[in-house]
Amino acid sequence: MKREEVLMEALPYIQQFHGKTLVIKLGGHAMVDPVILENAIRDAVLLHYIGIRVVLVHGGGPEISEKMKQMGKEAVFVGGLRVTDEETLEIAQMVLVGKINNGIVSLIAKCGARGVGLSGNDGNLIIARKMDPKKVKIDGVLQDVDLGHVGEIEWVDPAILNTLLDNKYVPVISPIAIDRAGGSLNINADTAAGDIAVALKAYKLINMTDVDGVMDTTKTNVYRKLSIDQANDLLKSKVIGEGMIPKVTSVINAVENGVSFAHIINGNIEHNLLLELFTKEGVGTMITFR
């Protein structure tokens, strides 16, 4: 397409999204590749400047594991779930809040906008409770495993986010929550992004990950559009694999609770965020209520 045709195709979408809230979850390889991350932030800042209220939520599991290794502590996973003791929680906060979050805020400034870094502790943004022991199959035997300082979200208070958005800031949120006793808990970033989108009554939730979207059984074809019923059927039939389960579950929950559209896209490909939002075909999977 000619450049002017690309711009004209984008126009109705820009009009549709103007003034709306988009929650974007940054994850996957973007958390360890500075070039991919900066490209994603540049696209997010473009959205901000065309009048979209942008909220960023980020993960950082691989960096936490790497930092633990550097500090002489091995990451412990049971049935694919990270066990978070006191020391691991401190390292997670150091990486998520002290490094990744600050780095994203700096990139936003570099791209010409104003970012504000937050964790769920700030302003009681995310209230969580300690997760109950999880039943995990170990050596073929189902066992209860206490994951330590890992939380399940009880409540998201969007007040501080709305204040920032109203004043033209881009909030950047680390997946650390506070419990009712004032302690910190590590929470799943996909779940956090979905719950934040619901609390903000967001128009769209976008999960940027390492895969092209929800794929069929051949793992070569991407579903471009799914209803929540279709997505639930794919979960039940185990077409959706382990790594995608929390992402798809999060976007289903968001759409069930008022978010108009949810998207899962490959964040490793430059400008995929813009192509998903501003072209008719899109590049990932869009999940809607019907």
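The values are calculated or read from the model by the stated rules, or taken from the named source; none is laboratory data. Keep in mind it's a predicted model, so treat the numbers as computed, not measured. Glycine also receives a Cβ, built like all others from the backbone with ideal geometry; neighbour counts cover every protein chain displayed.
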Here are the criteria: (1) in contact with a Gly (Cβ under 9 Å, 6 or more places away or on another chain); (2) more than 19 Å from Gly59 (Cα to Cα); (3) modelled with pLDDT of 95 or more. Tell me which single one Cys111 does not satisfy. (1)
Tell me yes or no: at least one residue of the range 179-190 is outside any loop (DSSP other than H, G, I, E, B), over 22 Å from Phe289 (Cβ atoms) and of a type outside the set (S, T, N, Q). yes
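Taking the stated definitions as given, is Ala231 part of a helix (DSSP H, G or I), farther than 30 Å from Asn124 by Cβ and among the small types (Gly, Ala, Ser)?
Yes; evaluated as a whole, the condition is true for this residue.
Specify the residue that is surrounded by the fewest Cβ atoms within 10 Å (Cβ to Cβ); the eligible residues are those in the range 251-277 that are polar (S, T, N, Q) and in contact with a helix residue (DSSP H, G or I) (Cβ under 9 Å, 6 or more places away or on another chain). Full working, then the answer.
To start, the set of residues in the range 251-277 that are polar (S, T, N, Q) comprises 253, 257, 260, 266, 268, 272.
Retained after the next criterion (residues that are in contact with a helix residue (DSSP H, G or I) (Cβ under 9 Å, 6 or more places away or on another chain)): 253, 257, 266, 268, 272.
On the way: Asn253: 18, Asn257: 13, Asn266: 19, Asn268: 18, Asn272: 22.
The qualifying residue surrounded by the fewest Cβ atoms within 10 Å (Cβ to Cβ) is Asn257.
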Listed residues Leu37, Leu7; which is under 14 Å from Leu273 (Cβ atoms) and either in a strand (DSSP E or B) or of a type outside the set (D, E, K, R) (or both)? Leu37
Restricting attention to the range 219-250, and to residues there that are surrounded by 14 or more Cβ atoms within 10 Å (Cβ to Cβ), at pLDDT 90 or above and out of contact with any strand residue (DSSP E or B) (no Cβ under 9 Å at 6 or more places or on another chain), which single residue is farthest from Met286 (Cα to Cα)? Leu235
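Of these, Ile206, Ile245, Ile269, Ile265, which one is without any contact (Cβ under 8 Å) to a residue 12 or more places away in the chain and under 27 Å from Pro34 (Cα atoms)?
Values: Ile206 fails: without any contact (Cβ under 8 Å) to a residue 12 or more places away in the chain; Ile269 fails: without any contact (Cβ under 8 Å) to a residue 12 or more places away in the chain; Ile265 fails: without any contact (Cβ under 8 Å) to a residue 12 or more places away in the chain.
Only one candidate qualifies: Ile245.
When only residues in the range 1-37 that are of a type in the set (Val, Ile, Thr) and surrounded by 15 or more Cβ atoms within 10 Å (Cβ to Cβ) count, which is nearest to the chain's Cα centre (by Cα)? Give the steps one after another, and end with the answer.
Narrowing the range 1-37 to residues of a type in the set (Val, Ile, Thr): 6, 14, 21, 23-24, 32, 35-36.
From the residues that got through so far, the ones that are surrounded by 15 or more Cβ atoms within 10 Å (Cβ to Cβ) too are 14, 21, 23-24, 36.
Values: Ile14: 22, Thr21: 15, Val23: 8, Ile24: 6, Ile36: 16 Å.
Once the filter is applied, the top-ranked residue is Ile24.
Can you give me the ranges of the strands (runs of 3 or more DSSP E) entirely in the range 55-158 with at least 1 residues that are exposed (fewer than 14 other Cβ atoms within 10 Å of the Cβ) and of a type in the set (A, V, I, L, M)? Even if it seems obvious, please write down each step before you answer.
Details: elements: 115-119, 126-130, 134-138, 141-145, 151-156.
Result: 134-138, 141-145.
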Out of the residues in the range 249-267 that are within 11 Å of the chain's Cα centre (by Cα) and assigned to a helix (DSSP H, G or I), which is nearest to Lys204 (Cα to Cα)? Val251
Please find, among Ser65, Ser119, the residue that is at negative phi, polar (S, T, N, Q) and in contact with a helix residue (DSSP H, G or I) (Cβ under 8 Å, 6 or more places away or on another chain). Ser119
